[in-house]
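Inspection log for the structure reproduced underneath, given as structure tokens.
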Amino acid sequence: MKHTISELEDIASQVRRDVLRMVHAVQSGHPGASLGCADFFTALYYEVLNHSPKFTMDGVGEDLFFLSNGHISPVWYSVLARSGYFEVSELATFRKLDSRLQGHPTTHEGLPGVRVASGSLGQGLSVAIGAALTKKLNNDKSLIYTLQGDGELQEGQNWEAFMFAPFHKVDNLIASIDYNGQQIDGPTEKVLSLENLQAKFEAFGWHVITSDGNDMEQIVKALHYAKSLTGKGKPILNLMSTQMGYGVDFMVGTHKWHGSAPSDAQLAVALSQLKETLGDY
């Protein structure tokens with residue numbers, strides 16, 4: 001391993017602090033799922049992804065990551081900055097006028113690490129499949145990774161993509177689902193039930209693995225295992241259980257923090273529960 005599990009957990013703690021401070025500073029953004037996915041992003045960028053902060057849009061010879069549920073941009077921005085794509089101090093510009101760190105990731109600001117605008121839900125997997133097929137045409141053995149929210153799966157375009165990838169044997173693709181059971185209007189089971197997702201993906205022809213996205217050791221193992229399954233004729237689906245708001249006791253497990261910013265007092269309480277490990281920006 002490049003890092004110990006303890007080191008990765010320390011990085012994730014700092015990432016969560018970054019998320020909360022970014023959203024609080026402008027009283028705008030999406031902290032809930034960002035906190036829930038901090039372990040996944042840390043494991044991906046610090047342990048699994050073959051990538052370089054010397055960013056090029058083409059990414060030849062590198063693994064590529066596409067974020068479909070772009071509203072959780074704070075966690076992605078934090079990990080990109082902390083892993084060297086741009087200065088950590090730039091996190092202080094999140095959602096401000098003329099910032100490269102927009103509420104949803106975009107490309108025209110030229111932010112290193114971002115290859116496609118996202119946040120119009122349901123589109124990320126389609127883009128990723130195109131990139132994966134391009135890798136194959138170019139004889140580039142690198143892999144494509146994606147992340148989608150579970151509420152996002154209520155968009156129909158996803159299921160066209162989920163059907164397309166196995167049929168065309170897009171086996172250089174690892175898709176993860178942030179399966180936290182929450183969306184902006186409430187629990188997914190009450191808004192529009194997703195039923196048995198594992199059975200659905202398996203019926204579509206995906207190789208499905210399950211993981212606990214808030215257990216660092218487990219998510220690292222799951223992503224490495226997923227990587228070992230590539231090149232065998234099937235795309236891989238990591239059905240990853242998380243808790244929205246993970247790491248902060250009053251935010252855990254509720255949709256109320258999907259798109260709400262903490263007050264000054266709430267920020268202080270939240271930060272007291274998260275160790276500062278890399279230094280606040």
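GNM, the chain, Cα, under 10 Å: largest mean-square fluctuation among LEU137, LEU223, LEU237?
LEU137
So if I take the centroid of the Cα atoms in segment 106-122 and the same for segment 54-97, what is the distance between those two points in Å?
Answer, in whole Å: 9.
Pick out which of GLY84, GLY29, GLY205 has the largest mean-square fluctuation in a Gaussian network model of the chain, springs linking Cα atoms closer than 10 Å.
GLY84
Would you mind getting the accessible area per residue of the chain, heavy atoms of the protein chains only, 1.4 Å probe, in Å²?
41 Å²
Could you calculate the contour length gain from MET1 to LYS232, that is, 0.36 nm times the residue separation minus the distance between their Cα atoms, to one decimal place in nm? Could you put the intermediate results ahead of the total?
Numbers: separation 231, 0.36 × 231 = 83.16 nm, distance 2.43 nm.
Net length gain for the segment: 80.7 nm.
Pop out the carbon and sulfur fraction of the accessible area of the chain as a percent, whole number, probe 1.4 Å.
51 percent
Find out how many positive minus negative residues lie around TYR46, taking Lys and Arg as positive, Asp and Glu as negative, among other residues whose Cβ is under 12 Å from that of TYR46.
Working: positive: LYS2, ARG82; negative: GLU7, GLU9, ASP10, ASP39, GLU47.
Local net charge: -3.
If the cut-off is a Cα-Cα distance under 19 Å, which lysines reach LYS141, setting aside same-chain residues fewer than 8 apart in sequence?
Here the lysines satisfying the reach criterion relative to LYS141 are LYS169, LYS227, LYS232, LYS234.
Quick one: check the C-alpha center-to-center distance for segment 203-230 versus segment 134-188, whole angstrom.
What the calculation gives is 13 Å, centre to centre.
What are the trypsin sites (Lys or Arg not before Pro) within segment 1-79 that DSSP puts in a loop, where the Cβ has at most 13 other Cβ atoms within 10 Å? Present the calculation step by step, with values, prior to reporting the outcome.
On the way: sites: LYS2, ARG16, ARG17, ARG21, LYS54; in loops: LYS2, LYS54.
Passing both the DSSP loop test and the Cβ count: LYS2, LYS54.
Counting Lys and Arg as +1 and Asp and Glu as -1, what is the net charge of the other residues whose Cβ lies under 12 Å from the Cβ of THR4? The partial results should precede the final answer.
Working: positive: LYS2; negative: GLU7, GLU9, ASP10, GLU47, GLU217.
That sum, taken over residues with Cβ under 12 Å, equals -4.
Return the distance in nm (one decimal) between the two label points of a simple spin-label model at HIS104 and THR56, each offset 7 Å from Cα along Cα→Cβ.
Computed distance between label sites HIS104 and THR56 equals 3.0 nm.
Sum -39500 (n - 2.57) across every DSSP H segment of at least 4 residues in the chain, then divide by the residue count to get the 222 nm mean residue ellipticity, nearest 500.
Counting only the DSSP helices, I get -11000 deg cm²/dmol.
Who wins for biggest fluctuation among ASP212, ASP18, ASP98 in a Gaussian network model of the chain, springs between alpha carbons below 10 Å?
Result: ASP98 has the largest fluctuation of those listed.
Sorted from largest to smallest, which semi-axis lengths in Å does the alpha carbon gyration tensor of the chain give for its equivalent ellipsoid, taking the root of 5 times each eigenvalue? Before the final figure, lay out the partial values.
On the way: eigenvalues 153, 90, 63 Å².
They are 28, 21, 18 Å, listed from largest to smallest.
Starting from the Cα of THR254, step 7 Å along the direction of its Cβ; do the same at SER28; then give the gap between the two resulting points in nm.
So the label points at THR254 and SER28 sit 2.5 nm apart.
With angles folded into 0 to 90 degrees, how steeply does helix 156-167 sit against the dominant principal axis of the chain? Use alpha carbons for both and round to 10.
Helix 156-167 sits at roughly 40 degrees to that axis.
Around GLN102, with a cut-off of 14 angstrom between Cβ atoms, what is the net charge of the other residues, counting Lys and Arg +1 and Asp and Glu -1? Before the final figure, lay out the partial values.
Numbers: positive: ARG95, LYS96, ARG100; negative: GLU90, ASP98, GLU109.
Spelling it out: positives minus negatives among the neighbours equals 0.
Within straight cross-link reach of LYS221, meaning Cα distance under 12 Å, which aspartates and glutamates are found once same-chain residues fewer than 8 apart are removed?
List returned: GLU47, ASP212.
The values are calculated or read from the model by the stated rules, or taken from the named source; none is laboratory data. Remember, predicted model here, so these are calculated numbers, not experimental data. Neighbour counts run over all protein chains shown; Cβ positions are idealised from the backbone, glycine included. Heavy atoms of the whole protein, side chains included, go into the accessibility calculation; ligands, DNA and RNA do not. Shrake-Rupley method; radii C 1.70, N 1.55, O 1.52, S 1.80 Å.
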